[in-house]
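To start, the structure itself, in structure tokens.
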Amino acid sequence: MLFSGGKDSVRTVEWCLKKKYNVKYLVTMISKNPDSYMFHTCNIDKAELIAQAIDLPIIIKETKGKKEEELKDLENVLKLLDIDAVAAGSIASTYQKSRIENICKKLNLNFIAPFWNVNYRAFLKKTIDLMYDVRIIGVFSDGLDKSWLGRKLNKKTLRELAKLEKKNGISIVGEGGEIETFVVNGPIFKKRIKIMKTKRVWDKMTNSGKLIIESAFLV
């Protein structure tokens, strides 16, 4: 399972477990390039904490995050693992999905993307109904100001995102890079994550920002 700790990858882990797949590893790539084309970067250093909360083994590897070269780094990790399939939380990013599929074909692995082309609003509503505690940790689009950082995904948040979708044309699931998320609790969690200290980093030039989790632990 390619794992970032965001809502899409966590929901995909749940889907695989419900389908009785043997989820042997969560695989997290930590990019030194904050603007990686392939990999989630905001608070990616906390993916291990989420893996511990879910109680699944995690493999963490670094990449320089250079376009296309980062794919070779992912391939080098996957080819060493005793697996027969790779799952990803791809929803609408053809760029990411096609490249992961190509790696899988090269390594003779099956590719699983259970939420590909899913209805965005239905996906978020189901995530809320399943009682996942999802926090918004990055906003990178017009209409999303610093007040969104740290907000919990709930019905009110979903309604506001739907309005911005109509007004600004954003993807409410963040597939255009508009938002990034971090999951602190949910039905597959054995422990929840308690966030103790955060720092908001805001760029006035691009009107975008991140919520950096400086301290968190398992409860």
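Here, each number is a calculation from the coordinates, and none is a lab measurement. Everything quoted here is computed from the prediction, not taken from an experiment. Because the Cβ atoms are built from the backbone with ideal geometry, glycine has one as well, and the counts that use them run over all protein chains shown.
Numbers for the structure displayed
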read-out: Student exercise, the stretch 7-112 dipole from Lys, Arg, Asp, Glu Cβ charges, in Debye to nearest 20; value: 260
read-out: Fewest-first ranking of Trp15, Trp202, using other Cβ atoms within 10 Å as the exposure measure; value: Trp202, Trp15
read-out: Above-threshold pairs, the threshold being 31 Å between Cα atoms, out of Lys155/Lys197; Lys32/Lys155; Lys18/Lys155; Lys79/Lys155; Lys18/Lys67; value: Lys32/Lys155; Lys79/Lys155; Lys18/Lys67
read-out: Shape category assigned to the stretch 41-171 from the gyration tensor of Cα positions, a/c cut at 1.5; value: prolate
read-out: Dipole axis of the chain (+1 Lys, Arg; -1 Asp, Glu on Cβ), positive-most option in Val184, Gly89, Ala113; value: Val184
read-out: Eligible lysines near Lys156 by straight Cα distance, threshold 22 Å, same-chain separation 8 or greater; value: Lys7, Lys125, Lys126, Lys146, Lys166, Lys167, Lys210
read-out: Mean separation of Cα contacts under 8 Å (6+ apart) over length of the stretch 1-65, as relative contact order %; value: 39
read-out: Charged-residue dipole, Cβ positions (Lys, Arg, Asp, Glu), the stretch 120-218 about Cα centre, Debye nearest 20; value: 480
read-out: Shape category assigned to the stretch 114-186 from the gyration tensor of Cα positions, a/c cut at 1.5; value: oblate
read-out: Computed [θ] at 222 nm, helices only, for the chain once each DSSP H run of length n ≥ 4 contributes -39500 (n - 2.57); value: -9500 deg cm²/dmol
read-out: Charge dipole (debye, nearest 20) of the chain; +1 at Cβ of Lys and Arg, -1 at Cβ of Asp and Glu; value: 740
read-out: Footprinting exposure proxy for Glu180, Glu48 (fewest neighbouring C-beta atoms within 10 Å first); value: Glu48, Glu180
read-out: Set of aspartates and glutamates near Lys163 by C-alpha distance (under 15 Å), chain-local residues within fewer than 8 positions excluded; value: Asp142, Asp145, Glu178
read-out: Cα→Cβ-extended label distance, 7 Å offset, between Glu62 and Asn108, nm; value: 3.4
read-out: Over the chain, relative contact order from alpha-carbon pairs under 8 Å, at least 6 apart, %; value: 21
read-out: Max mean-square fluctuation residue, GNM over the chain, Cα-Cα springs under 10 Å, options Ser36, Ser171, Ser98; value: Ser98
read-out: Fraction of antiparallel bridges per DSSP, the chain only, in percent to nearest 5; value: 65
read-out: Cβ-based exposure ranking for Thr12, Thr206, Thr198, in which fewest neighbours within 10 Å come first; value: Thr206, Thr198, Thr12
